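For reference, the structure discussed in these notes is given below.
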Amino acid sequence: MRLLAARKLTRLLSDRAEFNIPFSGLTTWKVGGPAWCLCRLHSREEAKAALAILADSGVPFMVLGNGSNLLVSDLGYEGAVLKLEGRLAALEVKNDLISAGGGVLLGQALRESAQAGLSGLEWAAAIPASLGGAIAMNAGSMGQNIGSVLERVDLLLSNGDVVTLERDSLPPFAYRKSNLPPASIVLGAKLKLRPGSAWSVRRNIAANTRLKRQRFPFNYPNAGSVFMNPEGDYAGRLIESAGLKGKRWGNAQISDVHGNFIVNMGAAKADDIYRLIVMARDTVKEKFGISLDLEIKLIGYVEPET
Ligand SMILES: Cc1cc2nc3c(=O)[nH]c(=O)nc-3n(C[C@H](O)[C@H](O)[C@H](O)COP(=O)(O)OP(=O)(O)OC[C@H]3O[C@@H](n4cnc5c(N)ncnc54)[C@H](O)[C@@H]3O)c2cc1C
């Protein structure tokens, strides 16, 4: 079945179906073993057709955005990894609306919004996400999030249907959760911003970028915050109070700049990072009785229990 699926994917995508591709080149942590097949999808039709092939052959799939919140095991992923490119990564600005494919990087949306003098996305400065990933995770910063500027979302559901959810029919977004239908793919979205001045939008983006570069360890590969903040506290503060800042395992380190970041000091294994995640979670639970929930997504690992 796999061989047949491989043939069909190659017929559909030609050299945009690539086999045995390491996740270390696809994630911001720069770790992770090979994906069975990386499918670079350029249109909705291709996305639907690829999904049908995978469903027929029983091959599992996952969607990859910019890989900025993913820990994939050193053994890799025995399934298809769907990446949105081409028309699924195109962007258009019209009046106060940005229409973009799920594969567009937030950085590009931010640049285009600044050029058009549109305000409302400045908080996203220095977040290396794709729009689809940001929506799936309800990415946010500085008290704002992507959910609050969404006007509509186009989804490819696991049964192959494409549906459009307008603002009023979107599920309630929560802290780092979009509550979109399980296994749905964000093909594209419309963001509604506010008219402002290009100069002040650019100034705010630059100020937010500076602030984040001061606070977070951007000098080593990382995946942003590893844990969500528990009610009324900060995961980074708890990990620091537990004495774990700077703790190393192999070539990974709980950052000595911010306790909620784990950095790849060079050639770290995914397992090194996973060990530090388990250590941080267990130690915080033992010392403070607080269970930290993961913000990052794990592929090939079980969620550590405390
Ligand atoms: C330096 C740095 C700073 C960061 N700062 C922040 C921050 O301030 N705030 C914040 O919220 N996050 C931050 N992050 C984390 C990360 O950027 C966000 O979680 C982001 O939403 C992940 O987007 P992605 O495209 O990289 O998704 P990925 O990491 O590729 O995937 C994350 C999840 O989204 C799913 N997904 C991806 N694309 C789609 C799609 N098109 N349709 C459906 N599901 C999809 C994946 O299957 C996976 O489950 C930071 C990360 C880094 C490395």
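The values are calculated or read from the model by the stated rules, or taken from the named source; none is laboratory data. Computed from a predicted model, the values in this text were never measured in an experiment. Note: ideal-geometry Cβ built from the backbone for every residue, glycine included; neighbour counts use all protein chains shown.
Couple of notes before you dig in:
- Some residue of segment 10-25 being crowded, with 17+ Cβ neighbours inside 10 Å and either closer than 17 Å to G102 by Cα or modelled with pLDDT under 95 (or both): no
Here's the yes/no breakdown for (1) touching a strand residue (DSSP E or B) at 6+ places or on another chain (Cβ under 6 Å); (2) part of a loop (DSSP other than H, G, I, E, B):
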position: R203; (1), (2): no, no
position: A207; (1), (2): no, no
position: F218; (1), (2): no, yes
position: N222; (1), (2): yes, yes
position: V284; (1), (2): no, no
position: S291; (1), (2): no, yes
position: L298; (1), (2): yes, no
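- The lone exception for M137 - which of (1) touching a strand residue (DSSP E or B) at 6+ places or on another chain (Cβ under 6 Å); (2) hydrophobic (A, V, I, L, M, F, W, C); (3) closer than 25 Å to F261 by Cα it fails: (1)
- Only one of the numbered conditions (1) in contact with a strand residue (DSSP E or B) (Cβ under 8 Å, 6 or more places away or on another chain); (2) in contact (Cβ under 8 Å) with a residue 24 or more places away in the chain is not met by N20, and that is (2).
- Residue match in segment 51-60 (condition: within 30 Å of I205 (Cβ to Cβ), away from the ligand (no atom under 15 Å from the Cβ) and not basic (K, R)): no
- Taken over segment 174-200, the criterion of being part of a strand (DSSP E or B) and either under 20 Å from the mean Cα position of the chain (by Cα) or crowded, with 19+ Cβ neighbours inside 10 Å (or both) is satisfied by A174, K177, I185, V186, L187, G188, A189, K190, L191.
- Evaluation of W249 against (1) crowded, with 17+ Cβ neighbours inside 10 Å; (2) more than 25 Å from S130 (Cα to Cα); (3) within 16 Å of the ligand (Cβ to nearest atom) (one fails), failing number: (3)
- Taken as a whole, the condition of being in the same structural domain as E122 (by TED's automatic domain parsing) and either within 25 Å of G65 (Cβ to Cβ) or within 13 Å of the ligand (Cβ to nearest atom) (or both) does not apply to K269.
- Condition met for L88 (touching a residue at least 60 places away in the same chain (Cβ under 8 Å) and within 21 Å of L193 (Cβ to Cβ)): no
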